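Single-structure report; data block below.
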Amino acid sequence: MTTPSNRRRGAALGAMLLAGTALTGAAGWLAIPAFAEGPQQSAPAVAAPSVPLPGFGDLVARVRPAVVTITATERARAENVNSPFPEGSQQDQMFRRYFGGEEGGKPQAQARQALGSGFIVDAEGHVVTNNHVVDGATQVKVTLDDGRELSAKIVGRDPRTDLALLKVDAGGNLPFLNLGNSDAARVGDWVVAVGNPFGLGGTVTAGILSARGRDIHSGPYDDFLQVDAPINRGNSGGPLFAQDGSVIGVNTAIYSPSGGSIGIGFAIPSNLVSTVVAQLKANGHVERGFLGASTQPVDATMARALRLPKAEGALVAGVEENSPASRAGLKPGDVVTALGDTPVRSPRDLARAVGALHEGAQTSLTARRDGRETRLDVRLAALRDGAEQARGGQEAQQGRGRIGIGLASLQEAERAGLEVPRGTEGAVIASVRPDSPAAEAGLKPGDVITAVGGKAVKDPDAAVSAIREALSANDGAVALQLLRDGQRAFVAVEAPSGSRQG
């Protein structure tokens, strides 16, 4: 399994004392005479190695000032406990209050902290880290190598690549690191990881690049570098260095049955990081192309059945209606072998190639159909999910900015894999802006808004309208009825004072 390596601090430190042993002969202690005839023989000195062992001290001294520790504060709901007393009774309420973190029989939300790593990428104070380090955070702090602790603003997040960009204001220029060329890194090259494992602060580990192009099934754009430099919880978001001091990856995950390092870690290649960070800095989000076709790998048996020369390509399993794929004439059963001039050997190749393009990009699909090759012209749309999938429209026009949520339809949520009880009506929370009233109230992506106050809502447009009315009528406060994990509850949200009118 892959385990994100940023979660809670905590480490057990141990020491091992090695005892010396005395040499003895078969009959007891070996007797050595106090005086010996002839000149005394001194033991030969151990020769120093003619070639010094490689070290990373100079590299670490150069890069360490730009590596930071990240502390993300998030709200956590107290878990329900099983009370042995009748529900609602005085004994039940007292039991839950003292043993279940509840008061009056209701769970009490508590703040909790997660630790991770990051690094500064320009003198202005932009910091790169993992999305899972700051996802759901209501407050983010960055601790510099010199000990200064600064509040950080989340500039943008990209869940699909697990990257996030932060910004701190240090009152002056900061030391920063350059993103290198990850394509130039070779299997067997030395690599160095710097980060904050288990909350221990700036820690340096070294190893080699073990493999490239790893797919760990964390997303459609997986293309990880595998390293054997020890990476543990808290290293998430920290830099992976080549020997010249350039960043060639962002440490993200480990493979471990125990949660600790067993010598298999994964880093996002710096070339992908550069592309994502540039878009986050410019737009706050990442724009990607959208084709509208679901695909699957081709194995040897399928290749024979479809008369393919090789067991490779992306087999089209389904095509969405009114999508770029359907308008281009792509059909289920087609095997895509190229997008433009980019070869497609697997569904992952196709996803990365489409995602690298933008809305409106005109390109071509090369596909095998009925044993023959065909070429289709396609104009890509924009991939919409997470924040981009929100139905709130422009924040200033439709009020999403008031409480900090983006909404999606139930149909969109179901296509994304969210399970919603049959017959449910409402709007799904697709995104929650950090440091927003919604985040402070504990709203989460995946929550379904079924009513605003006492008024049922059927879709995102109705929810936006009802929220606007409630904020205006109730002096900036709104009560949302939610469906979360099959349970219904009301959550009150208070908008900022400057956003309560209009």
remark   = Going through (1) on the phi > 0 side of the Ramachandran plot; (2) not assigned by TED's automatic domain parsing to the domain that holds Ala72 one by one, Asn173 fails only at (1)
request  = Of all residues in region 444-485, count the ones that are in a strand (DSSP E or B) and either within 29 Å of the chain's Cα centre (by Cα) or surrounded by fewer than 19 Cβ atoms within 10 Å (Cβ to Cβ) (or both).
outcome  = 11
note = Taking region 311-331 and keeping only residues that are modelled with pLDDT under 90, surrounded by fewer than 18 Cβ atoms within 10 Å (Cβ to Cβ) and touching a strand residue (DSSP E or B) at 6+ places or on another chain (Cβ under 9 Å), one is left with Ala317, Gly318, Glu320
query = Name the residues in region 231-259 that are more than 20 Å from the chain's Cα centre (by Cα) and charged (D, E, K, R), would you?
reply = Asp244
key: Enumeration of residues in region 257-298 that are in a helix (DSSP H, G or I), in contact with a helix residue (DSSP H, G or I) (Cβ under 8 Å, 6 or more places away or on another chain) and hydroxyl-bearing (Ser, Thr, Tyr)   = Ser270
remark   = Residue count, region 361-378, condition touching a residue at least 60 places away in the same chain (Cβ under 8 Å) and among the small types (Gly, Ala, Ser), comes to 2
remark   = Of (1) surrounded by fewer than 21 Cβ atoms within 10 Å (Cβ to Cβ); (2) assigned by TED's automatic domain parsing to the domain that holds Leu115, Gly188 fails just (2)
task = Output the residue which, of all residues in region 262-285 that are crowded, with 22+ Cβ neighbours inside 10 Å and more than 16 Å from Leu179 (Cβ to Cβ), is nearest to the chain's Cα centre (by Cα).
result = Phe266
remark   = Expected output for region 476-487 (first residue within 14 Å of Leu443 (Cβ to Cβ), partner outside any strand (DSSP E or B), Cβ below 6 Å, 6+ apart or cross-chain) is Val478/Ile467; Val478/Ala470; Val478/Leu471; Ala479/Gly453; Leu482/Asp447; Arg484/Asp447
query = Say we look at region 240-269 and pick out the residues that are touching a Pro at 6+ places or on another chain (Cβ under 8 Å) and small (Gly, Ala, Ser); which of these is modelled with the highest pLDDT?
reply = Gly249
Residue in region 242-257 that is buried (at least 16 other Cβ atoms within 10 Å of the Cβ) and acidic (Asp, Glu) present = no
ask   = Which of (1) more than 30 Å from Asp146 (Cβ to Cβ); (2) assigned to a loop (DSSP other than H, G, I, E, B); (3) out of contact with any Lys or Arg (no Cβ under 6 Å at 6 or more places or on another chain) does Ala211 not meet, given it meets every other one?
value = (2)
message = Can you tell me how many residues within region 424-443 are buried (at least 17 other Cβ atoms within 10 Å of the Cβ), at negative phi and not in a helix (DSSP H, G or I)?
response = 10
ask   = Give me the pairs: first residue in region 205-221 and outside the structural domain of Val344 (by TED's automatic domain parsing) and free of Cβ contacts under 8 Å to residues at least 60 places away in the same chain, second residue surrounded by fewer than 15 Cβ atoms within 10 Å (Cβ to Cβ) and of a type in the set (Val, Ile, Thr), beta-carbon distance under 9 Å, and six or more apart or on different chains, which are they?
value = Ile208/Val187; Leu209/Val187; Ser210/Val187; Ala211/Val187; Arg212/Val187
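The values are calculated or read from the model by the stated rules, or taken from the named source; none is laboratory data. Keep in mind that this is a model prediction, so the values were computed, not measured. In this analysis, Cβ positions are derived from the backbone assuming ideal geometry, glycine residues included, and neighbour counts consider all displayed protein chains.
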